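Undergrad: One structure is given below, represented as structure tokens, and several questions about it will come after.
The values are calculated or read from the model by the stated rules, or taken from the named source; none is laboratory data. Bear in mind the structure is a predicted one, so any value in this text is a computation, not a measurement. Positions of Cβ are generated from backbone atoms using ideal geometry, with glycine treated the same way; all protein chains shown enter the neighbour counts. Accessible surface is based on the protein model in full, side chains and every heavy atom, while ligands, DNA and RNA are left aside. Shrake-Rupley method; radii C 1.70, N 1.55, O 1.52, S 1.80 Å.
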Amino acid sequence: MAVREILAGMPWWVKWVAIPVIALFVFGGLITTVVGFLVGLLFKVLLFVALVGGLVFVVRKFMASSTSKSDW
């Protein structure tokens, strides 16, 4: 409640401009680290999915070609 009362007497630019800028200045490194970690994790997950998909594709092609040769 005390924070709400303090902010009630402040101009709009303090609430909507100055406080977010100070928060970004103080926590900017943390925010950058978290976003970088999430982007890196997403990249690794997509790379994993692509590699597993490629492996499945190659194995299926190889198995299909080896079974068709044995039919001859």
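Undergrad: Checking residue 26 against (1) of a type outside the set (D, E, K, R); (2) open to solvent by 90 Å² or more (accessible area, probe 1.4 Å); (3) not in a helix (DSSP H, G or I), which single condition isn't satisfied?
TA: (3)
Undergrad: Pairs under 6 Å by beta carbon, first residue within 24 Å of residue 3 (Cα to Cα) in segment 14-38, partner of a type outside the set (D, E, K, R), six or more apart or different chains?
TA: 15/7
Undergrad: Can you say whether residue 15 is open to solvent by 90 Å² or more (accessible area, probe 1.4 Å), assigned to a helix (DSSP H, G or I) and of a type in the set (Lys, Arg), as far as the supplied structure shows?
TA: no
Undergrad: Return yes or no: is residue 56 open to solvent by 90 Å² or more (accessible area, probe 1.4 Å), β-branched (Val, Ile, Thr) and either farther than 30 Å from residue 7 by Cβ or assigned to a helix (DSSP H, G or I) (or both)?
TA: On the way: open to solvent by 90 Å² or more (accessible area, probe 1.4 Å): no; β-branched (Val, Ile, Thr): yes; either farther than 30 Å from residue 7 by Cβ or assigned to a helix (DSSP H, G or I) (or both): yes.
Considered against the rule, which asks whether it is open to solvent by 90 Å² or more (accessible area, probe 1.4 Å), β-branched (Val, Ile, Thr) and either farther than 30 Å from residue 7 by Cβ or assigned to a helix (DSSP H, G or I) (or both), residue 56 comes out as no.
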